[in-house]
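Engineer: The structure under discussion is supplied below as structure tokens; questions concerning it will follow.
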Amino acid sequence: MVVNLSSDALDADFAQTLGGAFSYDVYSAAPSLQVAGLQSVGHGAGSSSGTVALPGFSIGVLLR
């Protein structure tokens, strides 16, 4: 799990940490948003062997 608590978007490189291909799910929302379910937050998913974009105020789950 990775967390970006800043308002800035980050491109995080996990190539050396995970050492190969992995899948990810990233969820993000403004800190003032009252979350009523997963449909009210931003979501991105995919696979990578290196970099994952983490929007501001996001939580990412990486699976290898």
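Engineer: Could you list all residues from the range 53-64 that are of a type outside the set (S, T, N, Q) and surrounded by 20 or more Cβ atoms within 10 Å (Cβ to Cβ)?
Structural biologist: Selection gives 54, 57, 60.
Engineer: Evaluate the following for residue 56: is it under 10 Å from the mean Cα position of the chain (by Cα) and in a loop (DSSP other than H, G, I, E, B)?
Structural biologist: Spelling it out, residue 56 is indeed under 10 Å from the mean Cα position of the chain (by Cα) and in a loop (DSSP other than H, G, I, E, B).
Engineer: As an exercise: evaluate residue 41 against (1) among the hydrophobic types (A, V, I, L, M, F, W, C); (2) touching a residue at least 60 places away in the same chain (Cβ under 8 Å); (3) surrounded by 12 or more Cβ atoms within 10 Å (Cβ to Cβ) and give the number of the one condition it does not meet.
Structural biologist: The one condition residue 41 does not meet is (2).
Engineer: Taking the range 1-17 as the region of interest, how many residues are outside any strand (DSSP E or B) and either touching an Asp or Glu at 6+ places or on another chain (Cβ under 7 Å) or open to solvent by less than 90 Å² (accessible area, probe 1.4 Å) (or both)?
Structural biologist: Number satisfying all stated conditions: 5.
Engineer: Looking at (1) among the aliphatic types (A, V, I, L, M); (2) under 14 Å from the mean Cα position of the chain (by Cα); (3) open to solvent by 50 Å² or more (accessible area, probe 1.4 Å), which one does residue 33 not meet, given that it meets all the others?
Structural biologist: Result: residue 33 passes all but (2).
Engineer: Please determine, by comparing only the residues of the range 18-30 that are at pLDDT 95 or above and under 15 Å from residue 1 (Cβ atoms), which one is most open to solvent (accessible area, probe 1.4 Å).
Structural biologist: 27
Engineer: Further question on the same structure: Take the residues in the range 17-30 that are more than 10 Å from residue 63 (Cβ to Cβ) and of a type in the set (Ser, Thr, Tyr), then tell me which one is farthest from the chain's Cα centre (by Cα).
Structural biologist: Here the answer is 17.
The values are calculated or read from the model by the stated rules, or taken from the named source; none is laboratory data. Computed from a predicted model, the values in this text were never measured in an experiment. Here the Cβ is made from the backbone with ideal geometry for all residues, glycine too, and neighbour counts use every protein chain on show. For accessibility, only protein heavy atoms count, side chains too; no ligands or nucleic acids. Shrake-Rupley method; radii C 1.70, N 1.55, O 1.52, S 1.80 Å.
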